[in-house]
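Participant: Take a look at this one; I'll ask things after.
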Amino acid sequence: MLLQANGGVFSPDQIKAIVDSAENTVSATDAAAHAAGDIPGTIVGSAHSWLNTPIFLKEELFTFGLFFALNLLVCWLLVHFFYYRKAKRKDYYYTFILFSVTVFMLMFLLNNVNLGMGFALGLFAIFGMIRYRTEMVPIREMTYLFVTIGISVINGLGQSEGLVNLLITNALIVTIVAVVDGLFGAKPKPAKIILYDKIELIKLGREEELKADIEERTGLTINKLEIGHIDFLRDVAYIKVYYEPTSDEPNTIDMMVKHKDFMK
């Protein structure tokens with residue numbers, strides 16, 4: 001079979017040579033693109049990599065910055081305007097923010113690693129075992145810590161769901177926190193737990209005498225008293241005292257007691 005072009009005739013051998021030449025040209029072009037790093041997934045031999053690691057990924061950096069800003073903004077809104085406005089606890093303030101930043105980075109940077117949801121659930125398992133040696137974390141603080149971790153996991157792993165969907169999800173979480181915190185999240189009342197020795201004053205009907213005695217001995221203005229554990233063998237009782245604060249700064253040691261000296 002012969003092929004005619006421009007008044008000439010190509011033999012089958014000539015046609016095969018032309019095809020082979022074209023294939024070699026395409027292969028050389030692909031190799032050049034791989035070497036230049038233009039083809040996704042090619043790192044080895046790229047001018048934009050070092051030790052088989054990309055030096056700069058523009059699109060990935062933009063995506064990271066966008067979702068990092070979104071996550072940090074949402075967590076800051078929750079912590080600053082809902083938690084800190086009532087609790088005034090600076091120690092938990094930075095704890096929540098740092099937890100959020102760290103969890104988000106873990107989720108985002110390991111998103112392409114074949115860990116999936118199991119890794120995220122593992123973080124929640126670690127969260128469930130958290131215990132601070134110096135003090136027990138109050139339930140409100142534990143709730144906000146759980147919320148900030150949850151938001152960071154969602155934002156770190158949810159890029160495939162779309163930016164609009166993530167914005168709606170974050171907006172829903174903020175709205176629910178705002179509503180619930182406004183309805184039920186009253187400002188924490190300062191309180192102390194004391195071990196009281198005048199056990200005869202805990203009787204029903206002697207509340208005013210009990211209140212006056214504690215005010216005289218502590219110098220605090222008492223709003224409310226709650227009687228807890230009573231030990232008639234030692235003539236002592238636990239009493240929770242709600243009082244008027246003397247400053248805007250919270251007293252972080254209010255609820256601590258020396259159990260080892262009493263619960264024997």
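Participant: Residues THR221, THR169, THR148: which one is among the polar types (S, T, N, Q), touching a helix residue (DSSP H, G or I) at 6+ places or on another chain (Cβ under 9 Å) and over 30 Å from ILE97 (Cα atoms)?
Facilitator: THR221
Participant: May I ask you to list the residues in region 201-224 that are part of a helix (DSSP H, G or I), open to solvent by less than 80 Å² (accessible area, probe 1.4 Å) and not polar (S, T, N, Q)?
Facilitator: LEU201, ILE202, LEU210, LYS211, ALA212, ASP213, ILE214, GLU215
Participant: Name the residues in region 50-100 that are of a type in the set (D, E, K, R) and within 16 Å of the chain's Cα centre (by Cα), would you?
Facilitator: Selection gives ASP91 alone.
Participant: Which of the residues that make up region 150-193 are open to solvent by 60 Å² or more (accessible area, probe 1.4 Å), in a helix (DSSP H, G or I) and touching a residue at least 24 places away in the same chain (Cβ under 8 Å)?
Facilitator: Listed by number, the residues that qualify are LEU163, LEU167.
Participant: For region 83-98, which positions are modelled with pLDDT of 90 or more, among the hydrophobic types (A, V, I, L, M, F, W, C) and surrounded by 13 or more Cβ atoms within 10 Å (Cβ to Cβ)?
Facilitator: Answer for region 83-98, where residues must be modelled with pLDDT of 90 or more, among the hydrophobic types (A, V, I, L, M, F, W, C) and surrounded by 13 or more Cβ atoms within 10 Å (Cβ to Cβ): PHE96, ILE97.
Participant: Follow-up. What number of residues in region 118-149 are at pLDDT 85 or above and open to solvent by 50 Å² or more (accessible area, probe 1.4 Å)?
Facilitator: Going through region 118-149 one residue at a time, the tally reaches 2.
Participant: Filtering region 54-76 down to residues that are aliphatic (A, V, I, L, M) and within 26 Å of GLU141 (Cβ to Cβ), which residue is surrounded by the most Cβ atoms within 10 Å (Cβ to Cβ)?
Facilitator: Residue satisfying both the conditions and the ranking: VAL74.
Participant: Take the conditions in contact with a Gly (Cβ under 6 Å, 6 or more places away or on another chain), at pLDDT 85 or above and either closer than 30 Å to PRO188 by Cα or open to solvent by 100 Å² or more (accessible area, probe 1.4 Å) (or both) and apply them to PHE104. Does it pass?
Facilitator: Here the answer is yes, as PHE104 does meet what is asked.
The values are calculated or read from the model by the stated rules, or taken from the named source; none is laboratory data. In this text, all values refer to a predicted model and were calculated from it rather than measured experimentally. Reconstructed Cβ throughout: ideal geometry from the backbone, glycine too, with neighbour counts over all protein chains shown. For the accessible areas, the whole protein counts, side chains as well, though only heavy atoms, and no ligand, DNA or RNA atoms are used. Shrake-Rupley method; radii C 1.70, N 1.55, O 1.52, S 1.80 Å.
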